[in-house]
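In what follows, a structure is listed as structure tokens, so that the remarks can point back to it.
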Amino acid sequence: MVTFDFLLLVIVIQGCFLIFQRELLFGRWFREELNDQNKKMIEYAQLSADGSFEFTFVTLEIKVGIADRIVEQVIELGDWGLVGDIHFTITKNEIVDELFYTADLNDRNNYHAYRVLQLNHYAFEYQHLETDEIFTMRKITDNVGHC
């Protein structure tokens, strides 16, 4: 018996969209960005098969000739999902300065939805539905040299 792995392309009247494999998101991801204020933001994401997530955001102050300094570290915990080409997150808890906080589930800033632009074993690119910001994360693998 032959098994085929494929992405299903669904054609709709307005255009087309991709159905992405949820399993491709399981695991650890990484991204970083520089801003204009000599700061670097690093995000580590752990997306679990049970729909839970842990996002760690580290903001570093960077100066030439001086070691980077951690300005802030925030950990968000919650739930995530993928439906068609829509990835969503619901933040339920936060850890700031080693203190645990329950997120206010009435606060709309704890709910985010994104259109998936690319998803494979190496990269996850997505666009926020409200702000249009585009983010690209890279898969972290424990198997060095694994292709």
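Where a number appears in this text, it was derived from the coordinates with a stated rule and is not lab data. Note that the coordinates shown come from a computational prediction; the quantities given were computed from them, not determined experimentally.
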Seminar exercise, completed: Mean separation of Cα contacts under 8 Å (at least 6 apart) over the residue count of segment 39-147, i.e. the relative contact order in percent, is 14
For this session: At 0.36 nm per residue, minus the direct Cα-Cα distance, what do Tyr122 and Phe88 gain on full extension? Give it in nm, one decimal, please.
Result: 10.3 nm
Exercise. Could you give the length gained on full extension between Phe26 and Ile62, defined as 0.36 nm per residue of separation minus the Cα-Cα distance, in nm?
Worked result: 9.8 nm
For this session: Calculate, axis by axis, the spread of Cα positions in the chain along the three principal axes, and write the results as whole Å, longest axis first.
Result: 57, 44, 29
